[in-house]
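The values are calculated or read from the model by the stated rules, or taken from the named source; none is laboratory data. Keep in mind that this is a model prediction, so the values were computed, not measured. So basically every Cβ, Gly included, is an ideal-geometry build from the backbone, and we count neighbours across all protein chains shown.
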């Protein structure tokens, strides 16, 4: 698994089974005993990343939600996350699987945002928690890197905690 994470992180989804096996020091036959093909290996890694996010969202502190959310959405391995997104663009089976994972991820993130809003006593949020979760996930897929994390954290603060004052103005 470590060799696959590294190979996909460095090369993207174009990393070959041969490269992964060579880096892991195992034969190709050993690979195929575990996984029918490369997409099944990526699917396994996607499921691991999904579980990382879900556990983090479920345990997320309401006090430092923007920073924690930014850390979690960057992924346990940002380079691997980019390879996963690339793989979903190439492989239809992975795209369908990714959509299924994304739905649960979005629901769990929305629940975390709702808990944080309740803890901060935000009664009239400008955005529904599901909309804020969706927006954060879409942005994280496209722009979230360690270099832009501080700006993303500010965006998360606005998405999560902005209140609507009823006059079509938004105050933070």
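Tell me yes or no: at least one residue of region 63-80 is in contact (Cβ under 8 Å) with a residue 60 or more places away in the chain, closer than 21 Å to residue 141 by Cα, in contact with a helix residue (DSSP H, G or I) (Cβ under 8 Å, 6 or more places away or on another chain) and in a loop (DSSP other than H, G, I, E, B). There is at least one residue in region 63-80 that is in contact (Cβ under 8 Å) with a residue 60 or more places away in the chain, closer than 21 Å to residue 141 by Cα, in contact with a helix residue (DSSP H, G or I) (Cβ under 8 Å, 6 or more places away or on another chain) and in a loop (DSSP other than H, G, I, E, B).
Yes/no per residue for (1) closer than 23 Å to residue 55 by Cβ; (2) surrounded by fewer than 17 Cβ atoms within 10 Å (Cβ to Cβ); (3) modelled with pLDDT of 90 or more; (4) in contact with a strand residue (DSSP E or B) (Cβ under 9 Å, 6 or more places away or on another chain):
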residue	(1), (2), (3), (4)
104	yes, yes, yes, no
107	yes, yes, yes, no
116	yes, no, yes, no
139	yes, yes, no, no
142	no, yes, no, no
158	no, yes, no, yes
170	no, yes, no, yes
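Set side by side, the residues 151, 59 differ, and just one is under 30 Å from residue 6 (Cα atoms), over 16 Å from the mean Cα position of the chain (by Cα) and free of Cβ contacts under 8 Å to residues at least 12 places away in the same chain, which is 151. Filtering 93, 99 for residues that are part of a helix (DSSP H, G or I), under 15 Å from the mean Cα position of the chain (by Cα) and modelled with pLDDT of 85 or more leaves a single hit, 99. So is residue 19 assigned to a helix (DSSP H, G or I), surrounded by fewer than 18 Cβ atoms within 10 Å (Cβ to Cβ) and within 13 Å of the chain's Cα centre (by Cα) or not? No: the conditions fail for residue 19. For region 22-44, filtering for residues that are closer than 24 Å to residue 78 by Cβ, outside any loop (DSSP other than H, G, I, E, B) and in contact with a helix residue (DSSP H, G or I) (Cβ under 7 Å, 6 or more places away or on another chain) leaves 7.
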